[in-house]
Ligand SMILES: Nc1ncnc2c1ncn2[C@@H]1O[C@H](COP(=O)(O)OP(=O)(O)OP(=O)(O)O)[C@@H](O)[C@H]1O
Ligand SMILES: [Mg+2]
């Protein structure tokens, strides 16, 4: 990887979307990356999507607010990462609030806003739509980008089965506003069910909670009120899509070194390219380091060496040697998978390997350690 690790690929970026399969380290990498770029003097805001909230707690975030909060620089400095002129801001996304805020912003007046937010059809649907976090995440990103307060925005993406879900988010949003999803649902069509994700549950829940004449009046109200927001909404969705394709927006793909996530990463790359979006780079996270420099040759002699140099008993020397052999096998498997990814991504896409750290990354010290690998020079 060229000098500067991820820093080089973010040199011209205003927005970095961190994507990848479930559990590969997206949230951790997003936060570490944001901290590292802040230490390079930028004003950075990171939007994480972490129901566990562990990172937020570690950073001292008050999770109640749906706006970025400035992280006390002393916390990072104490962990060895002085920010200088840089600023680190962070928030954990509250999907439901983000969605309500979007409605409020698009409403022409306070009365319309209140009526929509109180409408039972809206409440049922927005819970479900907000439950698809891909959608609210991108909406929040767009809102923050418009504020123009930060040099760099880092967006973590939700723990979805499919890393690609959020690429369809603007479309889903539009479908919601156009009432397409609901209309299709009410007609019982299959496409509608997919559009809103947990579709069947929504209709059943809706019918259970909002019944009879009330349902009809709320439904017609819903369509009338939302109809008034449609123009503003379409414009918004187009802007969101444009932001994802903007030259200043880059995607960073995180994967683990196993075969399946790497296959998914390659699929993601193709989808991004087809959608006209930029893959800035890939991070292979939790790579096993090879402790044995000369590999297989050293393994045979290891028990004897451990007995002689480390003064281990023969059985202990054998079991320590066996542990080394296991690590070595994993390191070789990882290296082969990384090489395959390297070849398939092509030379133009920077690839950064981050080692498997001894501990889980759950505090500021862990983030600082991780950032050093992500942004490592040379
Ligand atoms: N390089 C690393 N070394 C050791 N542990 C790591 C490393 N990177 C991440 N982790 C740990 O792996 C776990 C998963 O990381 P993280 O929550 O960031 O993944 P994610 O991709 O955001 O997951 P999800 O898809 O559920 O949102 C966490 O416990 C984190 O601390
Ligand atoms: Mg996560």
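So the values come out like this:
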{"read-out": "Residues that are more than 9 Å from ligand 2 (Cβ to nearest atom) and either in contact with a helix residue (DSSP H, G or I) (Cβ under 7 Å, 6 or more places away or on another chain) or assigned to a loop (DSSP other than H, G, I, E, B) (or both), drawn from region 25-36", "value": "29, 31, 32, 33, 35, 36"}
{"read-out": "Residue within region 89-97 that is closer than 20 Å to residue 370 by Cβ, within 16 Å of ligand 2 (Cβ to nearest atom), part of a loop (DSSP other than H, G, I, E, B) and without any contact (Cβ under 8 Å) to a residue 40 or more places away in the chain present", "value": "no"}
{"read-out": "Answer residue from region 1-38, given it is crowded, with 24+ Cβ neighbours inside 10 Å and more than 22 Å from residue 357 (Cα to Cα) and is nearest to ligand 1 (Cβ to nearest atom) among those", "value": "17"}
{"read-out": "Those residues of region 344-362 which are within 16 Å of ligand 2 (Cβ to nearest atom) and touching a residue at least 12 places away in the same chain (Cβ under 8 Å), in sequence order", "value": "354, 361, 362"}
{"read-out": "Any hit, region 43-52, residues being part of a helix (DSSP H, G or I) and more than 8 Å from ligand 1 (Cβ to nearest atom)", "value": "no"}
{"read-out": "Verdict on residue 65 being assigned to a helix (DSSP H, G or I) and either away from ligand 1 (no atom under 16 Å from the Cβ) or over 18 Å from the mean Cα position of the chain (by Cα) (or both)", "value": "no"}
{"read-out": "Count of residues meeting criterion [more than 16 Å from ligand 2 (Cβ to nearest atom) and either modelled with pLDDT of 95 or more or touching a helix residue (DSSP H, G or I) at 6+ places or on another chain (Cβ under 7 Å) (or both)] in region 58-67", "value": "2"}
{"read-out": "Which numbered condition residue 362 misses (of (1) within 30 Å of residue 81 (Cα to Cα); (2) loosely packed, with under 14 Cβ neighbours inside 10 Å)", "value": "(2)"}
{"read-out": "Where a residue in region 142-157 is over 20 Å from residue 11 (Cα atoms) and its partner, wherever it lies, is part of a strand (DSSP E or B), with Cβ under 7 Å and at least six apart", "value": "157/17; 157/18; 157/19"}
{"read-out": "Tally, over region 327-358, of residues that are within 14 Å of ligand 1 (Cβ to nearest atom) and within 21 Å of the chain's Cα centre (by Cα)", "value": "6"}
{"read-out": "Output for region 39-57, where each listed residue is within 14 Å of ligand 2 (Cβ to nearest atom) and surrounded by 17 or more Cβ atoms within 10 Å (Cβ to Cβ)", "value": "46, 47, 48, 49, 50, 55, 56"}
{"read-out": "Answer residue from region 350-378, given it is in a loop (DSSP other than H, G, I, E, B) and at pLDDT 90 or above and is nearest to residue 280 (Cα to Cα) among those", "value": "350"}
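Each row is one residue, and each column tells you yes or no for (1) at pLDDT 80 or above; (2) farther than 30 Å from residue 101 by Cα; (3) in contact with a strand residue (DSSP E or B) (Cβ under 6 Å, 6 or more places away or on another chain); (4) part of a helix (DSSP H, G or I).
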| residue | (1), (2), (3), (4) |
| --- | --- |
| 208 | no, no, no, yes |
| 213 | no, no, no, yes |
| 231 | yes, no, no, yes |
| 240 | yes, no, no, yes |
| 250 | yes, no, yes, no |
| 270 | yes, yes, no, yes |
| 299 | no, yes, no, yes |
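The values are calculated or read from the model by the stated rules, or taken from the named source; none is laboratory data. The structure presented is a predicted model; accordingly, all values stated were derived computationally and were not measured. Ideal geometry is used to build each Cβ from the backbone, glycine not excepted, and the neighbour counts take in all protein chains shown.
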